[in-house]
1. Conditions: (1) open to solvent by 80 Å² or more (accessible area, probe 1.4 Å); (2) over 13 Å from Gly180 (Cβ atoms); (3) not hydroxyl-bearing (Ser, Thr, Tyr). Ala107 meets all but one. Number of the miss?
2. Given the conditions (1) part of a loop (DSSP other than H, G, I, E, B); (2) at pLDDT 90 or above, which single one is not true for Lys260?
3. Give Ala173, Ala167 a once-over and let me know the one that is assigned to a helix (DSSP H, G or I) and touching a Pro at 6+ places or on another chain (Cβ under 8 Å).
4. Of all residues in segment 230-242 being in a helix (DSSP H, G or I) and open to solvent by 30 Å² or more (accessible area, probe 1.4 Å), which is nearest to Val193 (Cα to Cα)?
5. Is there any pair with a first residue in segment 42-56 that is in contact (Cβ under 8 Å) with a residue 60 or more places away in the chain and at positive phi and a second that is in a helix (DSSP H, G or I) and among the aliphatic types (A, V, I, L, M) whose Cβ atoms are under 6 Å apart and which are 6 or more apart or on different chains, and what are they?
6. Any residue in segment 61-76 that is aliphatic (A, V, I, L, M) and loosely packed, with under 13 Cβ neighbours inside 10 Å?
7. Checking Ile81 against (1) over 15 Å from Asp285 (Cα atoms); (2) outside any helix (DSSP H, G or I), which test does it fail?
8. Output the residue which, of all residues in segment 91-112 that are more than 19 Å from the chain's Cα centre (by Cα) and of a type in the set (D, E, K, R), is farthest from Val193 (Cα to Cα).
Amino acid sequence: MTATLGARPAPGKGRARARHRLAVLGFMAPAIIGFVLFFVYPLVATVIFSFTKYDLINAPEFNGLANYEFMFKDPLLTKAIANTLWFVVVLTIARTVFALGVASVIARLKSGVGLIRTLCYLPSLAPPVAATLVFFMVMRPNGGPLDSVLGWFGVDAPLFFSDPAWAKPGITAIMLWISGDLMIIILAAILDVPQEQYEAAELDGAGPIRRWWHVTLPTISPVLLFGIVNSVILALQLFTQAVVAGSAGSGAADATGSTKYLGFPDNSTLTFPVYLYTQGFRYFDMGYAAAMATVLFIISFAVTIVLVQRMRKNSTAEEGGPGA
């Protein structure tokens, strides 16, 4: 045996390996610096400020868990959590089912697939503010296009964005219209299902519905799981559409589009992120806002962990398990 256990590599190889590592680190440096400056530092600062009383003017004062304790006594926070949970449940189900339905229809088309796919995806590229304002103009009562069309059938249009009972469904409709990104992902998964499975199911006498239920859905289940978790995170962070809809619905927005009536009507559009923004940048209670942001991050992170674990389990099951 000529080699010795634990022997050091040749000096030339060691220097080459060190140069390689430095080169890799040099190429990664911009991403690492950006990650530290724009994610790690703000995250750490937010957690620290959450234990302080801070108004953006005076120096922060440590107040322990006072901000977190006040969360259990804040009635508006309870309303914001209830609205956010409504969006988490309703928007997640509606967005996933809507994207799956549209993708399933497009996958069965024989002609014009590219055009229809593009038309369905384009709304997701619209700026959130512009998309919300367009929907507000379309769905507004007393002269809006939707009100005019329903008037032909003798039906009065709901007071979207002006009635607390219809404000959240109106925002949900906006989110469905711009869900083309999820639709494209699900469509790619459907088109990737092996045709042999459909042919085998057809030979067994399965019709189109049974093939869709027993072949398509199980095969694309990891993608559907991703869409569900993605929709949950989107609902937890719903901000722009709620602010713009509340501002436009109140009719009191200034030239910049902002208004003091956030959550209009009757706090029905007051989501957790909107209330966080109100506390931090309207009432300048940055310590309390930082505590809310920390809680929101923990919840979103937990949902992401669930996604990763479920995707790993699905991947292991498809490969036949550890003992395969």
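The values are calculated or read from the model by the stated rules, or taken from the named source; none is laboratory data. None of these values were measured; they are calculated from a predicted model. Here the Cβ is made from the backbone with ideal geometry for all residues, glycine too, and neighbour counts use every protein chain on show. Keep in mind that these areas ignore ligands, DNA and RNA; they rest on the heavy atoms of the full protein, side chains included. Shrake-Rupley method; radii C 1.70, N 1.55, O 1.52, S 1.80 Å.
1. In the conditions (1) open to solvent by 80 Å² or more (accessible area, probe 1.4 Å); (2) over 13 Å from Gly180 (Cβ atoms); (3) not hydroxyl-bearing (Ser, Thr, Tyr), Ala107 misses (1) alone.
2. Here Lys260 clears every test but (2).
3. From the options Ala173, Ala167, the qualifying one is Ala167.
4. My answer is Asn230.
5. Sorted first by the residue in segment 42-56, then by its partner, the pairs are Leu56/Met286.
6. yes
7. Status for Ile81: all satisfied but (2).
8. So, considering only residues that are more than 19 Å from the chain's Cα centre (by Cα) and of a type in the set (D, E, K, R), the one farthest from Val193 (Cα to Cα) is Lys110.
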